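Step one of this worksheet: look at the structure below.
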Amino acid sequence: MIDGKTIAQTVRARAAERAQKLAEMGIVPGLAVILVGEDPASQIYVRNKSRAAKKVGVQSQTIVMPVETTEAEVLAIVAQLNEDAAVDAILVQSPLPKHIDEEKVQEAILPSKDVDGFHPENIGRLFANRAGYYPIANTPRGVMTLLDATQQTLHGKQAIVIGRSILVGRPMFSLLERANMTVTLAHRHTPRAELRRLTQQADVVVVATGVPGLITGDDLKEGATVIDVGINRLADGSLVGDVDFASAEPKAAFITPVPGGVGPMTIATLMQTTVELAAVNHGVELD
Ligand code: NAD
């Protein structure tokens with residue numbers, strides 16, 4: 001079992017240590033979160049983010065805007081935060097109300113403050129495998145930290161990523177490829193039988209589809225590493241992933257549970273990225 005909670009704690013502790021070092025130099029990492037509307041799940045996410053920030057020594061502010069806020073008003077706030085020297089990291093909580101173009105808002109954030117790594121400039125850098133520091137989407141980056149914790153060699157092995165969103169699947173593909181794995185990217189148009197054939201060959205299977213129980217033990221190679229990014233709320237209120245844990249667990253060498261796997265890593269990695277941006281934006285090299 002890959003213990004996401006414990007690994008996330010280590011990531012947070014490291015971020016706190018680095019934030020402390022920056023504070024000693026008079027730099028307080030600043031995170032600004034924009035929340036438009038009253039989506040209850042978004043409200044919980046935003047609250048968790050600001051709580052985590054407080055714990056690691058990141059100064060966080062949440063800008064709450066009513067659901068009828070116009071796109072121009074959101075863009076004006078982004079422009080203001082771009083200019084604000086106390087803000088190192090800007091995050092726009094998704095989803096935005098339908099009348100606001102989310103891509104336009106993401107593109108308005110300065111790439112050097114784009115803590116979610118969704119700006120096309122940062123996505124392009126990742127895809128092109130550019131050197132130097134730039135923010136990378138926190139969920140797939142957190143998955144790489146979990147894979148590191150298993151201490152296995154990824155180089156030359158086979159991976160499959162199921163799901164191709166900009167939030168998870170696409171950056172995940174790039175990160176695994178960058179770790180010198182041979183990577184397949186599957187999605188909703190991958191025929192089911194083909195998906196099984198591919199997952200049965202993979203040493204690492206990352207599932208990010210939002211389809212509960214999509215991957216079962218029969219889909220896996222013996223000794224595979226299984227990373228379940230999915231978070232699905234069932235009718236009975238329980239939380240499950242995209243992997244059928246009961247059948248997958250006996251076949252897997254390493255597997256993440258849901259909850260307690262990838263989930264805790266995302267916020268911890270967000271803190272890690274915020275502190276890194278603060279350092280980079282102030283020209284400080286962190287060890
Ligand atoms: P999305 O809806 O944007 O994308 C889903 C992807 O899955 C699509 O690319 C689609 O082609 C693919 N897909 C759908 N059905 C499929 C099928 N039957 N076979 C193969 N591929 C299929 O979702 P997302 O934002 O990438 O999130 C995916 C899941 O991960 C959701 O459950 C979400 O809640 C969860 N998530 C978790 C975290 C976390 O921190 N743990 C972060 C982000 C997303």
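Where a number appears in this text, it was derived from the coordinates with a stated rule and is not lab data. In this text, all values refer to a predicted model and were calculated from it rather than measured experimentally. Counting neighbours? That spans all protein chains shown, and the Cβs are built from the backbone with ideal geometry, glycine included.
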Most mobile listed residue (V67, V92, V226) in the chain, GNM with C-alpha springs under 10 Å:
V67
Potential lengthening between E17 and A253 on full extension [0.36 nm per residue; Cα-Cα distance subtracted]:
81.7 nm
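For the stretch 1-98, state which GluC sites (Glu not before Pro) are in a DSSP loop and have at most 13 other beta carbons lying within 10 Å of their beta carbon.
Values: sites: E17, E24, E38, E68, E71, E73, E83; in loops: E38, E68.
In loop regions of the stretch 1-98 (DSSP not H, G, I, E or B), the sparsely surrounded GluC sites (Glu not before Pro) are E38, E68.
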Please work out the FRET efficiency for the pair A246 and A79, using the Cβ-Cβ distance as r and a Förster radius of 35 Å; give the result to the nearest 0.05.
0.10
So what are the ³J(HN,Hα) numbers for the stretch 257-265, from phi and the Karplus equation (6.51, -1.76, 1.60; θ = phi - 60°), rounded to whole Hz, Gly and Pro as x?
x, 10, x, x, x, 6, x, x, 5
Quick one: among D236, D228, D203, which has the greatest mean-square fluctuation in a GNM of the chain with alpha-carbon springs under 10 angstrom?
D236
Cα shape, the stretch 34-121, gyration tensor, a/c 1.5 rule:
oblate
Roughly how big is the chain's charge dipole about its Cα centre, with Cβ charges of +1 (Lys, Arg) and -1 (Asp, Glu), in debye to the nearest 20?
560 debye
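Only bridges with both residues in the chain count here: give the DSSP antiparallel percent, nearest 5.
Numbers: 2 of 31 bridges.
Antiparallel: roughly 5 percent of the beta bridges in the chain.
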For the chain, what is the calculated [θ] at 222 nm in deg cm²/dmol (nearest 500), taking -39500 (n - 2.57) for each run of four or more DSSP H residues and dividing by its residue count?
-13000 deg cm²/dmol
Using a 7 Å offset from the Cα along the Cα-to-Cβ direction at both E103 and A131, what is the distance between the two label points in nm, to one decimal?
3.3 nm
Please check: in the Gaussian network model of the chain (C-alpha springs, under 10 Å), which one of K104, K221, K157 has the largest mean-square fluctuation.
K104
The chain: relative contact order in percent, alpha carbon pairs under 8 Å with at least 6 residues between:
22 percent
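Sort the following peptides by mean Cβ neighbour count (other Cβ atoms within 10 Å, averaged over residues), highest first: 25-34, 125-134, 209-218. Each step should come with its number before you reach the end.
Values: 25-34: 19.9, 125-134: 13.0, 209-218: 17.9.
Answer by packing, highest mean first, reads 25-34, 209-218, 125-134.
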Of all GluC sites (Glu not before Pro) in the stretch 214-287, which ones are in loop regions per DSSP and have a Cβ with at most 11 other Cβ atoms within 10 Å?
E222, E285
Listed highest first by mean packing, meaning other Cβ atoms within 10 Å per residue, what order do 159-169, 253-263 come in?
159-169, 253-263
Rounded, prolate or oblate: which one fits the chain, using the alpha carbon gyration tensor with axes a ≥ b ≥ c (rounded when a/c is under 1.5, else prolate when a/b beats b/c, else oblate)?
prolate
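What order, most packed first, do the peptides 188-199, 45-56, 112-123 have when packing is the mean number of other Cβ atoms within 10 Å of each residue? Walk me through the intermediate numbers first.
On the way: 188-199: 13.0, 45-56: 17.7, 112-123: 20.7.
Order by mean packing, descending: 112-123, 45-56, 188-199.
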With the Cα gyration tensor of the stretch 148-215 giving a ≥ b ≥ c as the square roots of its eigenvalues, does the rule (a/c under 1.5 for rounded; else a/b larger than b/c for prolate; else oblate) give rounded, prolate or oblate?
prolate
